[in-house]
Amino acid sequence: MKDTFKHKGMRKQLMEVVASKGVTDKNVLSAIETIPRHLFMDSGFVDHAYQDKAFPIGADQTISQPYTVAFQTELLHLKKGDKILEIGTGSGYQTAVLCELGAKVYSIERQLELFKKTSNFLPKLGYRAKKLIFGDGYKGLEGEAPFDGIIVTAGAPMVPKPLLNQLKIGGRLVIPVGTDSQIMTLFIRETEKEFKKQEFGEFRFVPLLEDKN
Ligand code: SAH
């Protein structure tokens, strides 16, 4: 697990690319500059780690594009100590970004292989999520609700009701909605029953899958 000056230099450039695409939150940009993304990918692919691209991580899944991770994180408006639920732990890169920003992170993954690999890997880098859970993210995490923010990192054909119900008043759900491609969508819970919805353009994610386990 090596992190060299060369990697750090490439990371600074990646941070600048992400900023040039419109991400302005200083803390988010600093997290991109800090986290050794190459360690979240198999060692043969180091050259790909600092390009602004998604990449396969096994089990037919991908590590999200850095710009997408930064954009979604920025939409959460998170503050230190916020309780955040992530759906789709995958490689754990997004989880690490949330930890880096001081969030208390709960993250759910439905692929056993990825769940095991990432549960073992994240603490080695010093990133300690509150809980990593093997399960179905469609249901959210009732026992730990309500959350300040929920971030879904797979394409959802529709918005799962439990996720809206598990937000605090004022809480934010960031979710890419759609089948072939997705519209990045933000829901803010304004009252017990009312949600404000905003849309932020087209993205492409691997699908949020139901009922495998
Ligand atoms: N945040 C990840 C992105 C991984 S891709 C990263 O930064 O690497 C999306 C992930 O969502 C995959 O790992 C996939 O297995 C997972 N996923 C798909 N459907 C799910 C569901 N219903 N519940 C939990 N995780 C799910």
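Here are the numbers:
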read-out: Simple Cβ-charge dipole of the chain, Lys/Arg +1 and Asp/Glu -1, about Cα centre, in debye nearest 20; value: 640 debye
read-out: Nonlocal amide H pairs with residue 167, under 5 Å, H built at 1.01 Å; value: 147
read-out: Estimated vicinal HN-Hα couplings, Hz - the range 25-33 in sequence order (Karplus 6.51, -1.76, 1.60; Gly, Pro = x); value: 4, 4, 5, 5, 4, 5, 5, 5, 6
read-out: Percent of beta bridges antiparallel (DSSP, the range 5-203, rounded to nearest 5); value: 45 percent
read-out: Listed pairs 53/139; 21/116; 83/161; 131/168 exceeding 25 Å between Cα atoms; value: 53/139; 21/116
read-out: Residue 82 long-range amide H proximity, modeled H, under 5 Å; value: 104
read-out: Amide proton proximity set for residue 3, modelled H, under 5 Å, gap of 5+; value: none
read-out: Dimensionless Rg ratio for the range 1-66, taking C-alpha atoms and the 2.2 N^0.38 Å reference; value: 1.09
read-out: Net charge dipole size for the range 70-175 [Lys, Arg +1 and Asp, Glu -1 on Cβ; Debye, nearest 20]; value: 240 debye
read-out: Over the range 86-192: Rg over Rh, Cα atoms, Kirkwood Rh; value: 0.96
read-out: Computed over the chain, Kirkwood Rh from alpha-carbon pairs, angstrom; value: 17.1 Å
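Read-outs: derived from the displayed coordinates by stated rules, not from any lab. Quick caveat, the model's predicted, so the values are computed rather than measured. All Cβ positions, even for glycine, are placed from backbone atoms using ideal geometry, and neighbour counts span all protein chains on display.
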